[in-house]
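Asker: This is the structure I have questions about; it appears just below.
The values are calculated or read from the model by the stated rules, or taken from the named source; none is laboratory data. These numbers were taken from a predicted model, which means no experiment stands behind them. Positions of Cβ are backbone-derived with ideal geometry, glycine not excepted, and every protein chain shown enters the neighbour counts.
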Amino acid sequence: MATTFITHDDCGLHNMGPEHPESPIRLLAIRKVLERTGLIQQLEKLESVHVTPEQIAMAHASLHQKRLEMKLPSEGVVYTDEDTALCPDSLHAASLAAGSAILATNRVLAGKTNNAFCAVRPPGHHAEHNAPMGFCFFNNVAIGAMQALQHPDINRVAIVDFDVHHCNGTVDIFKDIPEVMVCSTFQHPYYPERYTDIKRPNIINCPMPAYSESAFFRNMVETNWLPALQNHKPDMLFISAGFDAHHEDPMADINLNEDDYRWVTKLLMDVARVYSQGRIVSVLEGGYNPVSLAFSVEAHIETLAGY
């Protein structure tokens, strides 16, 4: 079965202005590299679908979506915090981004694909139970994980996050839900500085100092994530795939490269093969140098697809 690639052109309609790093160019760059290398031809390609209010409510407060809708401008942009802005099409794009995680989850659970990658935006891992932040409105991967838990064969899931920023929103949503393990590597101290010191058996925080290299990252994953995942034995694995820890990314100071993303993807596939029947859903988070983002995503998908 081919790896499934889920995206939608309308994810590019979310636009916070020409100077904002979380721009429509990110998805265009990914698509261009996948087409140029021919990898796109080896994937099952699907369009995102819209998430429903009921699906959003699995991970967010009941009024979370309504509050965002009340702030949605008819023109221009309105900031929900100093980093995160709504334009008229933002929630349309955010609904497709979250809906892609639902579509991917359902397709994997139905046995129609082994794994899936969602090339969507806006990202999601900073969106908390009751608050948007950090470029994020709906927590896409959390919504996908909650969807998986509705399936009778899924009792435990794990979310792993190698974005350079800590997944405060994902931790906030699942900190008291032991069926969901959240493993995260991130630069520290650095944005967003929330939930980095939380103590829960199902929360595996792995802070990395600025200028950490590949060896440090790989050691953190092997000594912290791997034993925790082996103990948790997830029935399904979700990846918050942020690529802004790349050494060429302007947003932070961690020095990873494409080989690190291949390596961690392969390790997670091995975990999924042992415990999760190979079931993986990966959702794009950060990555703000379009070139390094696109080639890192290619390395990630190529590994998921077994090339």
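Asker: Within the range 28-62, track down each residue that is under 28 Å from GLY76 (Cβ atoms), among the small types (Gly, Ala, Ser) and not in a helix (DSSP H, G or I).
Answerer: SER48, ALA61
Asker: Sort out which residues of the range 64-118 are over 19 Å from ALA145 (Cβ atoms), among the aliphatic types (A, V, I, L, M) and in contact with a strand residue (DSSP E or B) (Cβ under 8 Å, 6 or more places away or on another chain), and write them in order of number.
Answerer: LEU68, LEU72, VAL77, VAL78, ALA85, LEU86
Asker: On to the next question. Take LEU28 and tell me if it is in contact with a strand residue (DSSP E or B) (Cβ under 8 Å, 6 or more places away or on another chain), modelled with pLDDT of 95 or more and under 23 Å from PHE243 (Cα atoms).
Answerer: Values: in contact with a strand residue (DSSP E or B) (Cβ under 8 Å, 6 or more places away or on another chain): no; modelled with pLDDT of 95 or more: yes; under 23 Å from PHE243 (Cα atoms): yes.
Taking the combined requirement at face value, the residue does not satisfy it.
Asker: Could you pull out the residue among HIS232, HIS300 that is at pLDDT 95 or above, under 17 Å from the mean Cα position of the chain (by Cα) and surrounded by 21 or more Cβ atoms within 10 Å (Cβ to Cβ)?
Answerer: Step by step, each of HIS232, HIS300 is checked, and only HIS300 is at pLDDT 95 or above, under 17 Å from the mean Cα position of the chain (by Cα) and surrounded by 21 or more Cβ atoms within 10 Å (Cβ to Cβ).
Asker: Here's a check for you: in the range 44-62, which residue that is touching a Leu at 6+ places or on another chain (Cβ under 7 Å) and touching a residue at least 60 places away in the same chain (Cβ under 8 Å) is nearest to ASP89 (Cα to Cα)?
Answerer: Just the residues of the range 44-62 that are touching a Leu at 6+ places or on another chain (Cβ under 7 Å), to begin with: 46, 48-50.
Imposing the further condition that a residue be touching a residue at least 60 places away in the same chain (Cβ under 8 Å) reduces the set to 46, 48.
Values: LEU46: 21, SER48: 15 Å.
Step by step, filter the range 44-62, then rank; the result is SER48.
Asker: With the requirement that a residue be under 18 Å from PHE117 (Cβ atoms) and either surrounded by fewer than 24 Cβ atoms within 10 Å (Cβ to Cβ) or among the small types (Gly, Ala, Ser) (or both), what does the range 246-259 give you?
Answerer: GLU258, the sole residue that qualifies.
Asker: If the requirement is being modelled with pLDDT of 95 or more, among the small types (Gly, Ala, Ser) and either surrounded by fewer than 18 Cβ atoms within 10 Å (Cβ to Cβ) or over 29 Å from HIS129 (Cβ atoms) (or both), which of these qualifies: ALA2, ALA57?
Answerer: Result: ALA57 is the single residue among ALA2, ALA57 that is modelled with pLDDT of 95 or more, among the small types (Gly, Ala, Ser) and either surrounded by fewer than 18 Cβ atoms within 10 Å (Cβ to Cβ) or over 29 Å from HIS129 (Cβ atoms) (or both).
Asker: Among residues belonging to the range 161-197 that are among the β-branched types (Val, Ile, Thr) and surrounded by fewer than 24 Cβ atoms within 10 Å (Cβ to Cβ), point out the one that is nearest to ALA241 (Cα to Cα). Before you say what the answer is, go through the steps one by one.
Answerer: Filtering the range 161-197 for residues among the β-branched types (Val, Ile, Thr) gives 164, 170-171, 173, 177, 180, 182, 185, 196.
Add one more test, that the residue is surrounded by fewer than 24 Cβ atoms within 10 Å (Cβ to Cβ), and what stays is 177, 196.
Details: ILE177: 22, THR196: 19 Å.
Out of the qualifying residues, it is THR196.
Asker: Among HIS165, HIS151, which is the only one that is modelled with pLDDT of 95 or more and within 18 Å of the chain's Cα centre (by Cα)? Quick ask: steps written out before the conclusion?
Answerer: Working: HIS151 fails: within 18 Å of the chain's Cα centre (by Cα).
After ruling out the rest, the residue left standing is HIS165.
Here's the yes/no breakdown for (1) surrounded by fewer than 23 Cβ atoms within 10 Å (Cβ to Cβ); (2) more than 11 Å from ASN115 (Cβ to Cβ):
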position: VAL271; (1), (2): yes, yes
position: VAL274; (1), (2): yes, yes
position: ARG279; (1), (2): no, no
position: GLU285; (1), (2): no, yes
position: VAL291; (1), (2): yes, yes
position: LEU304; (1), (2): no, no
position: TYR307; (1), (2): yes, yes
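Asker: Give GLU35, GLU82 a once-over and let me know the one that is under 24 Å from ALA142 (Cβ atoms) and out of contact with any Leu (no Cβ under 9 Å at 6 or more places or on another chain).
Answerer: GLU82
Asker: Do we have any residue at all in the range 18-27 that's assigned to a loop (DSSP other than H, G, I, E, B), among the hydrophobic types (A, V, I, L, M, F, W, C) and touching a residue at least 40 places away in the same chain (Cβ under 8 Å)?
Answerer: No: the range 18-27 contains no residue that is assigned to a loop (DSSP other than H, G, I, E, B), among the hydrophobic types (A, V, I, L, M, F, W, C) and touching a residue at least 40 places away in the same chain (Cβ under 8 Å).
Asker: Could you list all residues from the range 98-118 that are among the small types (Gly, Ala, Ser), more than 16 Å from ILE173 (Cβ to Cβ) and crowded, with 24+ Cβ neighbours inside 10 Å?
Answerer: Of the range 98-118, the ones among the small types (Gly, Ala, Ser) are 98-101, 104, 110-111, 116.
Imposing the further condition that a residue be more than 16 Å from ILE173 (Cβ to Cβ) reduces the set to 99-100, 104, 110-111, 116.
Matches in the range 98-118: GLY99, SER100, ALA104, ALA116.
Asker: I need every pair where a residue in the range 63-79 that is modelled with pLDDT of 95 or more has its Cβ under 9 Å from the Cβ of a residue that is of a type outside the set (D, E, K, R) and surrounded by fewer than 11 Cβ atoms within 10 Å (Cβ to Cβ), sequence separation at least 6 or different chains.
Answerer: Cβ pairs passing all conditions: VAL77/GLY17.
Asker: All but one of (1) within 23 Å of ALA119 (Cβ to Cβ); (2) touching a helix residue (DSSP H, G or I) at 6+ places or on another chain (Cβ under 9 Å) hold for ARG36; which doesn't?
Answerer: (2)
Asker: Could you pull out every one of the strands (runs of 3 or more DSSP E) wholly within the range 84-198 that has 2 or more residues that are in contact (Cβ under 8 Å) with a residue 60 or more places away in the chain and touching a Lys or Arg at 6+ places or on another chain (Cβ under 8 Å)?
Answerer: Working: elements: 115-119, 157-161, 180-187.
Hits in the range 84-198: 115-119.
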